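The values are calculated or read from the model by the stated rules, or taken from the named source; none is laboratory data. As the structure is a prediction and not an experimental result, all values here were calculated from the model. Heads up, the Cβs are rebuilt from the backbone with ideal geometry, glycines too, and the neighbour counts pull from every protein chain shown. All accessible areas refer to the heavy atoms of the entire protein, side chains included, with ligands and DNA or RNA removed. Shrake-Rupley method; radii C 1.70, N 1.55, O 1.52, S 1.80 Å.
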Amino acid sequence: MNIKNNIIFLKNIETKYQGEKIPVIKNINLKVEHGEFISIIGSNGAGKTTLLETINGMLTYCSGEGLIFNKDIIKNKYEIRKKIGYVIQNFDIDSNAPFLCKDVVMSGKTGKIGLFRFYSKEDWNNIWYSMSLVGMIDFANRPIGKLSGGEFQKILISRALAQNPDLLLLDEPLSNLDFSSRKQIEILLNRINKKNHMTIVMVSHDLSFIPSECNRLIVMDKGKIILDGNKKEILKSEFIENFFKNKMEYK
């Protein structure tokens, strides 16, 4: 496979937290092409979030080779990050915070336009579009702290989309949501991937909610990728049922 065709190219990557001696993720080899929708699954502590943070340049790998958009992650992490929309896990906000939904979404553009620049008409048009895309345009002037869990998650996704990213990274976007909210987020992600040809890498610990448009499944355990392939084939494998029986939610 030609490296230039990949949005993500990781070769023999190892990453460890500052001050630690043992890598959290090890021997990671991963290639992701434009338009793919990938779910990375594994139990807590498997290294899923660390992998996303490595891709996004938030953690510096200690060995191996990492290219995002065909650019070296370590040398170009700030430039690369401008083209990545990242929804972190367990993003929390005070219910009394005086921020409106539209302001939270607009904050997603700060990395591209700078901290002390005025927002243009084009910037605001982009905000309205990203909020419309997730079905939250009518919530633009609503206080962010008054939203339900599902509504809040949609705003976070809208915030990530406001950057006009080429790659969307999602860390447990369905956790702590009820069934109805999960289905809404699943439908939203399917639409973003299919309609906008957005490359999506989603982390999850729950096998019961893998979006239908997701075309590839990666299984991680103890910092390593142990399975990587077609979603249907992996989910049908006897290995999956045995491996996750006591580790994850499996329905």
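Checking the cross-link pairs Lys109/Lys231; Lys194/Lys222; Lys26/Lys231; Lys71/Lys194; Lys31/Lys154; Lys77/Lys146 against a 30 Å limit on the alpha carbon distance flags Lys109/Lys231; Lys194/Lys222; Lys77/Lys146 as lying beyond it.
For region 159-251, the solvent-accessible area of protein heavy atoms averages 48 Å² per residue (probe radius 1.4 Å; ligands and nucleic acids excluded). Full extension of the chain between Asp228 and Ser148 yields a length gain of 25.4 nm, computed as 0.36 nm times the residue separation minus the alpha carbon distance. Matching the structure-derived volume of the Cα convex hull per residue in Å³ against the labelled list (i) 209; (ii) 116; (iii) 142 gives the label (iii). Ignoring aspartates and glutamates fewer than eight residues from Lys48 along the same chain, the ones with Cα atoms less than 17 angstrom from its Cα are Glu14, Asp171, Glu172, Asp206, Asp221, Asp228, Glu249. A viscosity of 1.306 mPa s and a temperature of 10 °C, combined with the Kirkwood radius over Cα pairs in Stokes-Einstein, give a translational diffusion coefficient for region 158-220 of 129 µm²/s. Peptides 101-107, 63-69, 234-240 ranked from most to least packed give 101-107, 63-69, 234-240, packing being the mean of other C-beta atoms within 10 angstrom over each peptide's residues.
Legend: Rg and Dmax of region 126-251, from Cα coordinates, 15.9, 49 Å.
Taking 10 °C and 1.306 mPa s as the conditions, I'd like the Stokes-Einstein D for region 124-190 in µm²/s, using the Kirkwood hydrodynamic radius from alpha carbon pairs.
Working: Rh = 12.2 Å.
The diffusion coefficient I find is 130 µm²/s.
Rolling a 1.4 Å probe across all protein chains gives Thr49 an accessible area of roughly 40 Å².
Considering only Ala140, Ala97, Ala162, the mean-square fluctuation computed in a Gaussian network model of the chain, springs between alpha carbons under 10 angstrom, is largest for Ala97. If R0 is 51 Å, the Cβ-Cβ spacing of Glu122 and Glu238 corresponds to a FRET efficiency of close to 0.45. Treating the Cα atoms of region 48-95 as identical point scatterers in vacuum, please give the log10 of the normalised Debye intensity I(q)/I(0) at q = 0.14, 0.25, 0.29, 0.30 Å⁻¹, two decimals. Values, matching the q order: -0.37, -0.93, -1.15, -1.21.
Kirkwood analysis of the Cα pair distances in region 43-176 returns a hydrodynamic radius of 15.9 Å.
Out of the total accessible area of region 152-218 (probe 1.4 Å, heavy atoms of protein only), what percent is carbon and sulfur?
Numbers: 1020 of 2220 Å².
So the carbon and sulfur contribution to the accessible surface is 46 percent.
For the chain, the dipole from Cβ point charges (+1 on Lys and Arg, -1 on Asp and Glu) about the Cα centre works out to 420 debye, to the nearest 20.
Relative contact order of the chain, taken over Cα pairs closer than 8 Å and 6 or more residues apart, is 27 percent.
Note on region 1-112: Cα-only Rg and Dmax are 15.9, 51 Å.
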